[in-house]
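Nothing in this text is a laboratory measurement; each read-out follows from the coordinates by a stated rule. Owing to the predicted nature of the structure, the values given are computational and were not obtained by experimental measurement. Note: ideal-geometry Cβ built from the backbone for every residue, glycine included; neighbour counts use all protein chains shown.
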Amino acid sequence: MGRVSDAKEKLMDAVSELIWTGSYGSTTIDQICDKAGVKKGSFYYFFESKADVAVEALEAGCGKKQTEMDKIFSATVPPLERIRKYCEFGYNKQVEMKAKYGYVLGCPLCTLGSEVSTQEQKLRERIEQIFDQQRKYLESAIRDAHAEGSINAPDAASKARMLQVYLHGLMTQARIQNELGVLREGFSGIFAMLGVKEVATVAA
């Protein structure tokens with residue numbers, strides 16, 4: 001079978017790209033194998049179904065992103081700066097993807113989750129878990145900002161849920177409109193929701 005670990009990683013990379021740029025429903029196992037350059041028999045050596053490879057791809061993507069998230073939300077960084085950097089990170093990723101594919105792709109988890117939530121319970125549950133993990137980062141920054149007096153947000157958990165929903169909405173609108181400006185202008189709304197008077201918008 002050749003390089004086993006390499007084949008598995010290629011399959012996970014392929015399904016991630018095909019789903020993000022297209023959809024879960026339209027992506028077939030044949031397409032995944034063609035994209036990865038891996039034989040179909042090898043696919044079934046690693047995975048039982050499309051859902052299984054998608055779940056493992058989510059796990060791998062989450063692991064890669066966690067390093068960057070830990071850096072952005074380091075306790076050594078001022079809390080409001082953490083949130084600003086998080087916004088910049090999301091915006092810059094969308095710029096990168098549009099340059100590569102020609103479209104604003106939005107949040108891959110929102111796109112996949114909204115499509116499969118009534119069909120693939122395994123995927124839905126994992127996406128929900130990832131959202132919970134990501135929200136904890138925002139919650140910690142909000143809690144620290146409140147403690148230092150930068151904002152008035154005694155219920156950090158509630159505020160973090162509000163901001164996460166807002167961010168997901170922006171990403172979805174940006175994908176629908178294929179417009180990066182939605183993100184650049186909209187991120188300032190986060191700081192308005194937190195009661196921050198001076199807002200530095202994400203650079204164009």
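Between the beta carbons of ARG135 and THR21, assuming R0 = 25 Å, the FRET efficiency works out to 0.45 to the nearest 0.05. Judged by the mean number of other Cβ atoms found within 10 Å, the most tightly packed of the peptides 23-29, 155-161 leads the ranking 155-161, 23-29.
Rg and Dmax, both from the Cα atoms of the stretch 1-57 and both in Å, are 10.0, 30.
Out of every Cα-Cα pair that the chain contains, those further apart than 27 angstrom amount to 36 percent. Using a cutoff of 8 angstrom between alpha carbon atoms and counting only pairs six or more residues apart, the relative contact order for the chain works out to 19 percent.
For the peptides 96-109, 129-142, 66-79, residues were scored by their other Cβ atoms within 10 Å and the scores averaged per peptide; the highest-first order is 129-142, 96-109, 66-79.
Here LYS10 is the anchor, and the lysines within straight C-alpha reach of less than 23 Å, apart from those fewer than 8 places off in the same chain, are LYS35, LYS39, LYS40, LYS50, LYS64, LYS65, LYS93, LYS98, LYS100, LYS122.
For the chain, adding -39500 (n - 2.57) for each run of n ≥ 4 DSSP H residues and dividing by the number of residues yields -24500 deg cm²/dmol at 222 nm.
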